[in-house]
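S.K.: Have a look at the structure that comes next, please.
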Amino acid sequence: MGLLGWMFALALAAEPEVPKAEEKPSDDLWQLLENMPPRASWDLAAAVGFVEITHFRDQVTPWVGFGFRGGWGKHLGERRNHRVGAGAGVYIEGQIPEFFTIAIEPTANWDYVSPKGFAAGASLGPAILVHSNMTLTEQQWKPGISPVVAARVGWSKPFSRVLRRLFVVVEPRVRWMDGRVNPGVYVVLGTGTGY
């Protein structure tokens, strides 16, 4: 067997290279999708809290409040983790049906979410109020308007163009009602998405 024969035999005996099985997508890919910055985003949230019922302060101690709100905004910054936009909420606070206040709050909003999940934000706007008092003979309604300011701090998934965002924040808030501060604090749970 000559040199050419030996080379041919060695070539046949060599094991063919088996392609490696594809590896599972790494966490880096998930992080990339999770942090793909959106140009704008929206969210919806439910809130439950504890509020002073200022309009009926002689009849009701601080009481539970419930609410729903939505927000939308444009994203700013290099990583687009700041959002500036608008929101609206509806809250009902007090001892329903006897003494309670309904508040509709259109607000200007700022929200920030860090890559590690720290969330902060603030809202400012008017509160359009309706106070209700049920007596033995009638239901009395009284309209009102009040400035409202709120701050937010908590946890959030990062803003993403691809994945849905989940967030939980604590929101202390203040209205100026009947010549006096109307404080409250809400826990807000919501979700949203970017585009």
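Read-outs: derived from the displayed coordinates by stated rules, not from any lab. These figures come from a predicted structure and were not determined experimentally. Positions of Cβ are backbone-derived with ideal geometry, glycine not excepted, and every protein chain shown enters the neighbour counts.
S.K.: Viscosity 1.306 mPa s, temperature 10 °C: what is the translational diffusion coefficient of the stretch 36-194 from Stokes-Einstein with a Kirkwood Rh over Cα pairs, rounded to a whole number of µm²/s? Working shown, then result.
M.R.: Numbers: Rh = 16.2 Å.
Result for D is 98 µm²/s.
S.K.: Here is a further query. Going by C-beta contacts inside 10 Å, put Phe100, Phe68 in order with the fewest on the left. Walk me through the intermediate numbers first.
M.R.: Values: Phe100 21, Phe68 15.
The most exposed by this proxy come first: Phe68, Phe100.
S.K.: Moving to a separate point now. Using the basic label-point model (7 angstrom from Cα toward the beta carbon), what is the Val185 to Ala88 distance in nanometres?
M.R.: 3.0 nm
S.K.: Moving on to the next point. What residue among Leu163, Met36, Ala88 has its Cα farthest toward the positive end of the dipole of the stretch 36-194, where the charges are +1 on Lys, Arg and -1 on Asp, Glu, each on the Cβ?
M.R.: The residue sitting farthest along the positive end of the dipole is Met36.
S.K.: Also, quick follow-up: First select every other residue whose beta carbon is under 9 angstrom from the beta carbon of Ser156; then total the charges, Lys and Arg +1, Asp and Glu -1.
M.R.: Overall, the nearby charge balance is +1.
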